[in-house]
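Visitor: Encoded as structure tokens, here's the structure I'll be asking about.
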Amino acid sequence: MKNKNRIIKSNIVKSVYTLLTVVLLATLNSCSEDILDKQPLDTLSEGNVFNDPVFLQGYVYNIYNGIKPPWSPGTGGYIGLTDIAAYAPDTHNRAGGFRDYLEGLLSPDNVTSLTNIWAEEYDYIRKANIFFEKVEGSEIDPTDLDHMKGQVHALRAWMYFELIRTYGGVPLITTSFQLDDESFDITRNTYDECAQFVLSECDMAIQLLDGASSDPGRISKGAAMALKARMLLYMASPLNNPSNDQSKWQAAATAIKAVIDMGYTLHDTHEDLFKRPIKTNEIIFGKDYTPENRIPDWGYNYDFWPSGFDARQRLMPTQHFVNMFQLTNGEYPYEDDGVTVNAASGYDPQNPNVNRDPRYYSYILYPGAGPVNINDGSKSTVRLYEYWEDANPNADNAPPYQNPNTVDPINGQELFDFGRDSKTYWVKGLTPFHWRVQTGYTFKKLLDFEGPRASFDYHYAQATPYMRLAEFYLNYAECQIALGDEALAREYINKIRQRASVNMPDITSSGVDLVRDYRNERAIELHLEDTRFYDLMRWKAGPGYVDKTVRGLTSVTMDWTGAQPGDLLGTLHYTYGEITEADDRNAWPGDHYYLFPIPREEIQRSNNALEQNPGYGN
């Protein structure tokens, strides 16, 4: 570490007034009754804040905003940069950045159109550094203060973890910027130095939080232990462990097992695991979001609901992801090429939604899925996901129609031979949206069908897990595969498959097949939890995954021949293939792409003291 740690950005100098404003807002949002007894807000001083447990806790709560949420930098995080999802660029505010990445054109000059996590995390690291500087000699009860110190150590570790899994080694800054500092020039620490700092911060948090109770949504000793274990897994992974040092895998396994042994249990049902209240039996650290502290814009519903529901539909599953869901006999529907049907499975591509892993029905909306409740004011209804065209259309898809139901029996809406989520439904002006990237599927995992399509005021039911026991079962299995104990690896994968609401056959594979099964299980279980992209990076598995052609349902048609009044479905016919409307995915550019480039403006602010990541020029 250099002579004196300094903050990189000169524009982050804040006045005490601004600092106190942030603290007051955070404290007010904490809804503490004690605040009513405090002195007038316009007479508060910096000393009041850092010597008052209520106001100081409010300051700590504000630092929690430095945790990158799993949907950041845009809906779904980076999942649309992987093999299991595709972004709809017409609707996504990060479309330009995603396109640059997929075309192999990410650079120091355009990386902030994808993410500005460098500046965001260092801003909150500065807040954490101020906390430690200002609480020296605080009059707050030592027990209360230690609890807050433990949280902030873990939060600072979390933010550095995000930075180093994105950029590699970064500057380690542990003091706030001062006006009389000599220079803003600062160089990067190595990846190993940064990783060791994260571990040491976690160790301090574990010690300070030992025996302390934590409310759901707040850092606990278990959360600090889990973050340490996750850091060790990344340190052991191929990207950061090119020699495959077995001691690193063993260290990760030991730390992960310590988390597992803390007494967390898998929640009985997987479906309500992502709904309020936070299921603390399985979720080690998670949050739910109120209208005052909410996910961006109109939320998951508007971003994930099908466009036929008059929603934005920014993200959708690929056929590759859908193919990861096995049949209930434990066989995959397709061979590894994703095109050849697995003869041993009994799978019928013209009847694809029967006898699938129960998680398939919980996590995927497919043509004919439902009925689901659509809460959207005057258009509210209960209906199927109707992604199909008319198999026998009249000219211009005009009436008369063969559908024996001309009126929706629930709400009286008009029905057609084509579905209400079809392109024809949009062409006829019956919905304002039908975005050009359509795979035929929609993510269902985080939707709240009891909540409205779009609202700034509604308290949606979703709970977002940041760390949960199922991940650590899978992390432990990965370590055991690397250490050569395949039997133990299978045991921990199968614990998840044996969840009462899943009850899938045990994995029995070995070797490369076990690695495939493990990675597929991980993708299914943890999708939309900010893991898939970083997993591919740390495994050095970009080629064939990040650049994988997007496939899906190129055509779904409905034949109503023989359908009777009251039948919700006739006979569906499916055609599978490449989704040509998806953004081009060029060949994997090379190993430099496993890390993002440092934004050019950050290098310039450091007077070129920061060294750019290899492969991105100067």
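The values are calculated or read from the model by the stated rules, or taken from the named source; none is laboratory data. Not measured: the values here are computed from a predicted model. Neighbour counts run over all protein chains shown; Cβ positions are idealised from the backbone, glycine included. Quick note on the areas: whole protein, heavy atoms, side chains included, nothing else; ligands and nucleic acids left out. Shrake-Rupley method; radii C 1.70, N 1.55, O 1.52, S 1.80 Å.
Visitor: Among residues belonging to region 427-445 that are at pLDDT below 90 and open to solvent by less than 20 Å² (accessible area, probe 1.4 Å), point out the one that is nearest to E529 (Cα to Cα).
Guide: V437
Visitor: Return the residues of region 446-472 that are of a type in the set (D, E, K, R), more than 11 Å from Y300 (Cβ to Cβ) and open to solvent by less than 30 Å² (accessible area, probe 1.4 Å); say none if nothing qualifies.
Guide: R468, E471
Visitor: For region 314-398, which strands (runs of 3 or more DSSP E) that fit wholly inside it have 1 or more residues that are more than 25 Å from D297 (Cβ to Cβ) and open to solvent by 20 Å² or more (accessible area, probe 1.4 Å)? Even if it seems obvious, please write down each step before you answer.
Guide: Working: elements: 315-317, 372-374, 381-383.
In region 314-398, the matching strands (runs of 3 or more DSSP E) lie at 381-383.
Visitor: Another question about this same structure. Could you please find all residues in region 52-106 being of a type in the set (A, V, I, L, M, F, W, C) and assigned to a helix (DSSP H, G or I)?
Guide: Applying the first criterion (of a type in the set (A, V, I, L, M, F, W, C)) to region 52-106 yields 54-56, 60, 63, 67, 71, 79, 81, 84-86, 88, 95, 98, 102, 105-106.
Residues satisfying the conditions are V54, F55, L56, V60, I63, I79, L81, A95, F98, L102.
Visitor: Within region 602-618, count every residue that is among the charged types (D, E, K, R) and under 27 Å from the mean Cα position of the chain (by Cα). Explain how you work it out, then say what you get.
Guide: Residues of region 602-618 among the charged types (D, E, K, R): 602, 605, 611.
The next check asks that each one be under 27 Å from the mean Cα position of the chain (by Cα); those that pass are 602.
Within region 602-618, residues that are among the charged types (D, E, K, R) and under 27 Å from the mean Cα position of the chain (by Cα) number 1.
Here's the yes/no breakdown for (1) among the basic types (K, R); (2) over 19 Å from T575 (Cβ atoms); (3) touching a His at 6+ places or on another chain (Cβ under 6 Å):
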| site | (1), (2), (3) |
| --- | --- |
| P358 | no, yes, no |
| S362 | no, yes, no |
| G368 | no, no, no |
| V372 | no, yes, no |
| K379 | yes, yes, no |
| D390 | no, no, no |
| N397 | no, no, no |
| D421 | no, no, no |
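Visitor: Provide a single number: the residues in region 450-476 that are touching a helix residue (DSSP H, G or I) at 6+ places or on another chain (Cβ under 8 Å), of a type in the set (A, V, I, L, M, F, W, C) and at pLDDT 90 or above.
Guide: The qualifying residues number 6.
Visitor: Scan region 107-148 residue by residue and report those that are open to solvent by 50 Å² or more (accessible area, probe 1.4 Å), in a helix (DSSP H, G or I), of a type in the set (D, E, K, R) and over 30 Å from A95 (Cβ atoms).
Guide: Residues satisfying the conditions are E133, K134, D144, D146.
Visitor: Something else about it: Which ones in region 279-295 are of a type outside the set (V, I, T) and open to solvent by 10 Å² or more (accessible area, probe 1.4 Å)? Before you say what the answer is, go through the steps one by one.
Guide: Just the residues of region 279-295 that are of a type outside the set (V, I, T), to begin with: 279, 281-282, 285-289, 291-294.
Within region 279-295, K279, N281, K287, D288, Y289, P291, E292, N293, R294 qualify.
Visitor: So if I check each of W298, W305, which one is within 30 Å of N373 (Cβ to Cβ), open to solvent by 40 Å² or more (accessible area, probe 1.4 Å) and among the aromatic types (F, W, Y)?
Guide: Numbers: W305 fails: open to solvent by 40 Å² or more (accessible area, probe 1.4 Å).
Step by step, each of W298, W305 is checked, and only W298 is within 30 Å of N373 (Cβ to Cβ), open to solvent by 40 Å² or more (accessible area, probe 1.4 Å) and among the aromatic types (F, W, Y).
Visitor: Further question on the same structure: Test I410 against the criterion of being touching a strand residue (DSSP E or B) at 6+ places or on another chain (Cβ under 7 Å), within 30 Å of L446 (Cα to Cα) and outside any loop (DSSP other than H, G, I, E, B), and give yes or no. So that I can check it myself, show each step before the final result.
Guide: On the way: touching a strand residue (DSSP E or B) at 6+ places or on another chain (Cβ under 7 Å): yes; within 30 Å of L446 (Cα to Cα): yes; outside any loop (DSSP other than H, G, I, E, B): no.
For I410, the condition - touching a strand residue (DSSP E or B) at 6+ places or on another chain (Cβ under 7 Å), within 30 Å of L446 (Cα to Cα) and outside any loop (DSSP other than H, G, I, E, B) - is not met.
Visitor: Inspect region 550-557 for any residue being among the hydrophobic types (A, V, I, L, M, F, W, C) and either more than 28 Å from H92 (Cα to Cα) or touching a helix residue (DSSP H, G or I) at 6+ places or on another chain (Cβ under 9 Å) (or both) and give the result as yes or no. Before the answer, list the steps.
Guide: Let us first name the residues in region 550-557 that are among the hydrophobic types (A, V, I, L, M, F, W, C), namely 550, 553, 556.
Imposing the further condition that a residue be either more than 28 Å from H92 (Cα to Cα) or touching a helix residue (DSSP H, G or I) at 6+ places or on another chain (Cβ under 9 Å) (or both) reduces the set to 550, 553.
There is at least one residue in region 550-557 that is among the hydrophobic types (A, V, I, L, M, F, W, C) and either more than 28 Å from H92 (Cα to Cα) or touching a helix residue (DSSP H, G or I) at 6+ places or on another chain (Cβ under 9 Å) (or both).
Visitor: Further question: The conditions are (1) polar (S, T, N, Q); (2) under 12 Å from D530 (Cβ atoms); (3) open to solvent by 10 Å² or more (accessible area, probe 1.4 Å), and T82 fails exactly one of them. Which is it?
Guide: (3)
Visitor: Looking only at residues that are of a type in the set (V, I, T) and open to solvent by 10 Å² or more (accessible area, probe 1.4 Å) in region 187-239, which one is nearest to D261 (Cα to Cα)?
Guide: The selected residue is I206.
Visitor: Only one of (1) over 22 Å from D336 (Cα atoms); (2) open to solvent by less than 20 Å² (accessible area, probe 1.4 Å) fails for D530. Which number is that?
Guide: (2)
Visitor: Using beta carbons and a limit of 7 Å, which pairs, at least six apart or on different chains, have the first residue in region 319-342 and under 22 Å from A582 (Cα atoms) and the second one among the polar types (S, T, N, Q) and modelled with pLDDT of 95 or more?
Guide: Q319/T439; M324/N520; G338/Q319; G338/N323
Visitor: While we're looking at this one, here's another question. Just give me the residues in region 286-310 being hydroxyl-bearing (S, T, Y) and farther than 19 Å from G377 by Cα, in sequence order. Spell out the reasoning first.
Guide: At the first step, the residues of region 286-310 found to be hydroxyl-bearing (S, T, Y) are 289-290, 300, 302, 307.
Answer for region 286-310, where residues must be hydroxyl-bearing (S, T, Y) and farther than 19 Å from G377 by Cα: Y289, T290.
Visitor: Right, here's the next one. What residue, among those in region 505-516 that are of a type outside the set (S, T, Y) and open to solvent by 10 Å² or more (accessible area, probe 1.4 Å), is farthest from W539 (Cα to Cα)?
Guide: Going through region 505-516, the residues of a type outside the set (S, T, Y) turn out to be 505-507, 511-516.
With open to solvent by 10 Å² or more (accessible area, probe 1.4 Å) added as a condition, the list becomes 505-507, 511-513, 515-516.
Values: P505: 27, D506: 25, I507: 21, G511: 16, V512: 14, D513: 16, V515: 11, R516: 13 Å.
It comes out as P505.
Visitor: Moving on. Within region 193-205, identify whether any single residue is among the hydroxyl-bearing types (S, T, Y) and in contact (Cβ under 8 Å) with a residue 40 or more places away in the chain, and answer yes or no. Quick ask: steps written out before the conclusion?
Guide: Applying the first criterion (among the hydroxyl-bearing types (S, T, Y)) to region 193-205 yields 200.
Going one step further and asking which of them are in contact (Cβ under 8 Å) with a residue 40 or more places away in the chain, we end up with none.
No; the residues of region 193-205 include none that is among the hydroxyl-bearing types (S, T, Y) and in contact (Cβ under 8 Å) with a residue 40 or more places away in the chain.
Visitor: Ok, one more. Exactly one condition in (1) over 25 Å from the mean Cα position of the chain (by Cα); (2) open to solvent by 60 Å² or more (accessible area, probe 1.4 Å) is false for D584; which is it?
Guide: Tallying (1) over 25 Å from the mean Cα position of the chain (by Cα); (2) open to solvent by 60 Å² or more (accessible area, probe 1.4 Å), D584 fails exactly one: (1).
Visitor: Something else about it: Would you point out the residue of region 202-234, among those that are of a type in the set (G, A, S) and modelled with pLDDT under 95, that is farthest from R276 (Cα to Cα)? So that I can check it myself, show each step before the final result.
Guide: Here is the first cut: in region 202-234, the ones of a type in the set (G, A, S) are 205, 211-214, 217, 220, 222-224, 226, 229.
Checking which are modelled with pLDDT under 95 leaves us with 211-214, 217.
Details: G211: 26, A212: 23, S213: 20, S214: 17, G217: 11 Å.
That would be G211.
Visitor: Failed condition for T265, given (1) surrounded by 15 or more Cβ atoms within 10 Å (Cβ to Cβ); (2) at pLDDT 95 or above; (3) not aromatic (F, W, Y), with all others met?
Guide: Exception for T265: condition (1).
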